[in-house]
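So the structure is just underneath, and the comments pick up after that.
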Amino acid sequence: MSLAKKGIVDRIQAFLDTRIGFTETILRPVPSHAMNPFSWLGAIAVLAFFAQGLTGILMLFYYIPTTSEAYSSTIHVIRSVPMGSVIETFHLYMAYAMIIIVFLHLMRNYFTSVQKRPREAMWVVGFVMGTIVLFQAFTGYLLPWTVLAKSATDVGIGFLGVLPPQLYIFVKYLIAGVGTNSQELYRFFVFHVVVLPFTLLLLIVLKLYMFEIHGATDPASGAKPGDAKPVKWFPDVLLYMLMISGVFVAAVVVASALFPLQLPPEYSANAPAVVVQPDWYFLWQYQLLKFQVFAGPGEPLALAVITMGALLMFFLPFFDRKKERNPMNRPVYTTLGVIIIAELVVLTIWGYMTPGQTIPNMEAVGVVGGVALVVAALLWLTFKLRQKMTGPVTVEAVKGRMRFLRTPFTHRGPTLVFLAILAVASVSMATVVGQATTPQPDIASLLLGLAVLFGSLYALLRLMRRLVMDYQAMVTSS
Amino acid sequence: MKTDSRGAIMVLLVVFMAVVSAALWVFDPVSQQAQFGELLGAELVAFSMLTYIYTRDGPQDVKEVWMLSGGLALAFLIGLALL
């Protein structure tokens, strides 16, 4: 018997129920299949938002948003304020964690198709919230007034130049004032601590309201939730959330203590020039803009590509209308999703390793195309395996189907596919890795690429096994 | 877990949290921020373990791998803070 069913929690519940009808009015029960961390990524992001609010308020006691004192007040917080270094670093790392969690939340919802009717509005609102989180990070990056932040922010503002002239003047005035450094800093400060957080808060309330209307989705596999009793919000879901939150916050606190923020030099008109590089969450865009084809006059084209991609994701629920939600039965969308993740990861790492370098067109096509090809080929193999599972699915049958992937060189077809993937992936990986040390990929880079590839293949095999097992469970239950 | 030792472990965790809370007052929050953060992390991990045990339906539902991971995390964090 659960210890949660008796004792102090029950007494607290009874007390609150008598006074304010606590369990009657509070959030709806949750289906038991949703009691896993991946179903609570949105809630963890909200927790991160409030943690950011709390640490942000603590820093507001000391931070002065002027060009002459922004840097020194930040240094003062780090060096002299009790727990200042941990709080400042926690604020930064929690922002990073929030971006990762929001991205995972987005992609998890994408793969399980929760954006379909009747939850289209939740997807749209969530997408806007994700964009605001990125702008939050962008505006916050400038506030310590470091030379790196100032240079990167000015480059970011410069991209507005692709807008129509009147719109450009208006938007630039809105976010950066009349062009003086002090106005730019102060407006970023206002956006960071007032405009964006309060907008985000309103959208959180709106999304929570919509969630309460629609509730959690059924499993994407199509398995029926069955007769499992819904889990009550109080105390079960609340305690579950507290448990996850404890681990999550502990991880960020410990990271903040072990790796405290080292502030780059202060920005000034006489500061030595630096290689402009954005914070990691914008590195993939930065890398795209470094492609030769997008350099100079091609810049609007790159921004148009990025904007189109974002708009496609934004309007996804309005053109992806089929009822099927199982990712294994949606090969096109699943493949596109995995390609998006792979490209973002590769572009981010590549961007970090090649600061300030222009990427030749052939190299760009090779890496971006190679990554897409490898992912598509690996997923094609996965879906082929899935198609073969139409008969009775037993563990022996699954093992039989998996065997040809475990020993690919005993079958001609899979061997050729395997070798083709191997070649493309090796060249792609070697190109990326080789950029770090030498202009041309060397044998060490190639070997490293192979190691990464084999690691990925092994991980994929494990994933496939899990997917097949899930499918087996689904067939058995239906 | 074969026997129901959840109550005893929970008491241990509560005592651990109380001791760490008291120890937090010993550290200087300006010059010993790293130790402060590590102990705070240990508090949160202990709290999560406490909640985990509390919400299990029976002793058989308490996964030893989670308890071991939590215990190792606590030992690691306390070790870091004291070194």
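The values are calculated or read from the model by the stated rules, or taken from the named source; none is laboratory data. Quick caveat: nothing in here was measured; it's all calculated off a predicted structure. Cβ coordinates were reconstructed from backbone atoms using ideal geometry, including for glycine residues, and neighbour counts include every protein chain displayed.
Condition check ((1) within 19 Å of A:H192 (Cβ to Cβ); (2) free of Cβ contacts under 8 Å to residues at least 12 places away in the same chain) across all residues:
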| residue | (1), (2) |
| --- | --- |
| A:L41 | no, no |
| A:A48 | yes, no |
| A:G56 | yes, no |
| A:L60 | yes, no |
| A:I64 | yes, yes |
| A:T74 | yes, no |
| A:R79 | no, yes |
| A:G84 | yes, no |
| A:L106 | no, no |
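Please pick out the residue among A:Q285, A:Q292, A:Q262 that is surrounded by fewer than 16 Cβ atoms within 10 Å (Cβ to Cβ), of a type in the set (S, T, N, Q) and touching a Pro at 6+ places or on another chain (Cβ under 8 Å).
A:Q292
Hey, A:L148 hits all of (1) buried (at least 22 other Cβ atoms within 10 Å of the Cβ); (2) within 30 Å of B:Q32 (Cα to Cα); (3) of a type outside the set (K, R) but one; which does it fall short on?
(1)
Any chance you could count how many residues in segment A:104-143 are touching a Lys or Arg at 6+ places or on another chain (Cβ under 6 Å) and surrounded by fewer than 20 Cβ atoms within 10 Å (Cβ to Cβ)?
Counting residues in segment A:104-143 that are touching a Lys or Arg at 6+ places or on another chain (Cβ under 6 Å) and surrounded by fewer than 20 Cβ atoms within 10 Å (Cβ to Cβ) gives 1.
Given the criteria surrounded by 17 or more Cβ atoms within 10 Å (Cβ to Cβ) and either more than 22 Å from the chain's Cα centre (by Cα) or assigned by TED's automatic domain parsing to the domain that holds A:H105 (or both), does A:M243 qualify?
Against the criterion (surrounded by 17 or more Cβ atoms within 10 Å (Cβ to Cβ) and either more than 22 Å from the chain's Cα centre (by Cα) or assigned by TED's automatic domain parsing to the domain that holds A:H105 (or both)), A:M243 qualifies.
I need the helices (runs of 4 or more DSSP H) fully contained in chain B, keeping only those with at least 1 residues that are of a type in the set (S, T, Y) and within 9 Å of chain A (Cβ to nearest Cβ).
B:33-54
Would a scan of segment A:199-210 turn up a residue that is within 21 Å of A:R117 (Cβ to Cβ), crowded, with 16+ Cβ neighbours inside 10 Å and at pLDDT below 85?
No, segment A:199-210 contains no residue that is within 21 Å of A:R117 (Cβ to Cβ), crowded, with 16+ Cβ neighbours inside 10 Å and at pLDDT below 85.
Looking at A:I26, A:I64, A:I20, A:I44, which one is more than 36 Å from the chain's Cα centre (by Cα) and among the aliphatic types (A, V, I, L, M)?
Only one candidate passes the filter, namely A:I20.
Got a sec? Which of A:L27, A:L41, A:L58 is closer than 30 Å to A:P327 by Cα and assigned to a helix (DSSP H, G or I)?
Result of the check over A:L27, A:L41, A:L58: A:L41.
Filter segment A:71-123 down to residues that are within 11 Å of chain B (Cβ to nearest Cβ) and not in a helix (DSSP H, G or I) and give me whichever is farthest from A:L263 (Cα to Cα).
A:P82
Hey, A:Y267 hits all of (1) more than 10 Å from chain B (Cβ to nearest Cβ); (2) surrounded by fewer than 16 Cβ atoms within 10 Å (Cβ to Cβ) but one; which does it fall short on?
It fails just one condition, (2).
Scan segment A:53-103 for residues that are of a type in the set (A, V, I, L, M, F, W, C) and surrounded by fewer than 16 Cβ atoms within 10 Å (Cβ to Cβ) and jot them down.
Scanning segment A:53-103 gives A:L54, A:I57, A:L60, A:F61, A:I64, A:I75, A:I100.
Among all residue pairs at least 6 apart or on different chains, which show Cβ distances below 8 Å where the first residue, located in segment A:227-247, is more than 9 Å from chain B (Cβ to nearest Cβ) and the second is basic (K, R)?
Every condition considered, the pairs that remain are A:W233/A:R28.
If you go through segment A:178-186 one residue at a time, do you hit one that is under 22 Å from A:M122 (Cβ atoms), out of contact with any helix residue (DSSP H, G or I) (no Cβ under 6 Å at 6 or more places or on another chain) and surrounded by 14 or more Cβ atoms within 10 Å (Cβ to Cβ)?
no
Go through segment A:249-277 and count every residue that is part of a helix (DSSP H, G or I) and touching a helix residue (DSSP H, G or I) at 6+ places or on another chain (Cβ under 6 Å).
So the answer is 8.
Quick one: which residue in A:G179, A:G158 is at pLDDT below 90 and in a helix (DSSP H, G or I)?
One residue alone meets the criteria, A:G158.
Please pick out the residue among A:L167, A:L196, A:L202 that is assigned by TED's automatic domain parsing to the domain that holds A:I26, outside any loop (DSSP other than H, G, I, E, B) and touching a residue at least 40 places away in the same chain (Cβ under 8 Å).
Of A:L167, A:L196, A:L202, the one residue that is assigned by TED's automatic domain parsing to the domain that holds A:I26, outside any loop (DSSP other than H, G, I, E, B) and touching a residue at least 40 places away in the same chain (Cβ under 8 Å) is A:L196.
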